[in-house]
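Asks: One structure, pasted below without further comment.
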Amino acid sequence: MKKQLAIILGMILTLFGCSQDSSGTEEFLGCSQENCILVYDGVEYITYDTTSMQRTGKISTKENDFQYRLSKYDQYITYGNSVTSEFKIMKRVNERLETIYVHPSKTEAIFPFAYVKDEPIFAVMDYDGDKQKFIGLFHLKKNQLEQLPTKQNEKTKKIFGIGISANDQMYTLLHEDGVQNLYKTNINLSKFELIAKDVTQNLSTLYEDVCYMKDQTLYCGKQVLTKLQPKTVLAWVVGDQYILEVDDIGNYEVRAVKDKQLLLSGNKFIGFDEKSSEVRIYSEGKMEKLGD
């Protein structure tokens, strides 16, 4: 399954392109100059100049290094390598990322899974050879990972690390019969309610509902939110008010959730950030803001 994650990440890299490495250290990565911010492009954090409105680099210096964050939450992210693992947890401090935990295992990966009562929850997966195994859910305690008590059942065996949460409601993808099925679950993984079968991995949320792509349609919960453009390959609900669509060559559109009115459009999409009801869209040559 880590190979599947790597393939999907590679597709996103092909869509949004690569950039030259920016300077950084093992403990702190990110911006070191004025007019610089961190932007997440769907695969990794890049540095972006707010004056020229251009990407200026990326925080990783090693091939196959990626960062993982949850929609709406980037205070804590995980950083690892799709080939060698070497995972760590980093905390965002303004426009830099600080390493607060280095995972000792060389076969395990750590993924942000949910936020419950404002606490980050992480999934740990073991990739020993060609097999994958869900180890469990963990939280941070004094900058160390502490495992949470969870059930072990037929459903938990199919978890592959992808989760999301909204208002303490937890959702996860399970790999079943060759496809990814979306379930609502709980903190101890004792209940699994099927939301949808055969969905994509780029999950987002609208209030308490999980949003996902299926058959060129964006759903939230079990309801259709909107039909997507024919060439759309990625779509999210952002800021609980907007629908962001990106096509296979980086063109993007932002529409209102309420009436589907077109609010923004452009090309050379890089990434987005959402803080409460404020959303920022970053592209080459343009930086746009929606909301408060």
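Asks: Mean separation of Cα pairs under 8 Å and 6+ residues apart, divided by the residue count of the chain: what relative contact order is that in percent? Kindly include the intermediate steps, with their values, before the conclusion.
Replies: On the way: 687 pairs, mean separation 33.0, N = 292.
Over the chain, the number comes to 11 percent.
Asks: Same structure again: First obtain the Kirkwood hydrodynamic radius of segment 96-192 from its Cα pairs, then insert it into the Stokes-Einstein equation at 25 °C and 0.890 mPa s, and state the resulting D in µm² per second as a whole number.
Replies: 175 µm²/s
Asks: Something else: Residue separation times 0.36 nm, minus the C-alpha to C-alpha distance between residue 148 and residue 64: what's the value?
Replies: 27.3 nm
Asks: Among 89, 195, 164, which one shows the biggest mean-square fluctuation in a GNM of the chain, springs joining Cα atoms closer than 10 Å?
Replies: Sorting by GNM fluctuation, first place goes to 195.
Asks: What does the charge dipole of the chain about its Cα centre add up to, to the nearest 20 debye, if the Cβ of each Lys and Arg holds +1 and the Cβ of each Asp and Glu holds -1?
Replies: Rounded to the nearest 20 debye, it is 600 debye.
Asks: Further, regarding this structure: If you consider only alpha-carbon coordinates, what radius of gyration and Dmax does segment 141-292 have, in Å?
Replies: Cα only, segment 141-292: 16.8, 50 Å (Rg, Dmax).
Asks: Over the Cα atoms, compute the radius of gyration (one decimal) and Dmax (the largest Cα-Cα distance, rounded to a whole number) for segment 134-173, in Å.
Replies: Over segment 134-173's Cα set, Rg and Dmax evaluate to 11.3, 32 Å.
Asks: Which residue fluctuates most in the GNM of the chain (Cα springs below 10 Å): 278, 176, 63?
Replies: With Cα springs under 10 Å in the chain, the top fluctuation among 278, 176, 63 is at 63.
Asks: Measuring from label point to label point, each 7 Å out along Cα→Cβ, what is the residue 84 to residue 256 span in nm?
Replies: Here the modelled spin labels are 5.1 nm apart.
Asks: In square nanometres and to one decimal, what's the mean projected area of the convex hull around the Cα atoms of segment 228-292? Before the final figure, lay out the partial values.
Replies: Values: hull surface 15.9 nm².
Averaged projected hull area, Cα only: 4.0 nm².
Asks: Let me ask something additional. Of the residues 240, 259, 128, which exhibits the maximal mean-square fluctuation in a Gaussian network model of the chain defined by a 10 Å Cα contact cut-off?
Replies: 259
Asks: Still on this structure, I have one more. Hey, which of these cross-link pairs are over 25 Å Cα-Cα: 106/184; 91/268; 231/258; 62/231? Mind showing how you got there, number by number?
Replies: On the way: 106/184 30 Å; 91/268 28 Å; 231/258 23 Å; 62/231 32 Å.
Those over the limit are 106/184; 91/268; 62/231.
Asks: Could I ask something else about it? Given all pairs of different Cα atoms, what value in angstroms does the Kirkwood hydrodynamic radius of the chain take? It would help to have the intermediate numbers written out before the result.
Replies: On the way: mean 1/r = 0.0516 Å⁻¹.
After inverting the mean inverse Cα-Cα distance, the result is 19.4 Å.
Here, each number is a calculation from the coordinates, and none is a lab measurement. Here the structure is a predicted model, which means the values were calculated and not measured. Positions of Cβ are generated from backbone atoms using ideal geometry, with glycine treated the same way; all protein chains shown enter the neighbour counts.
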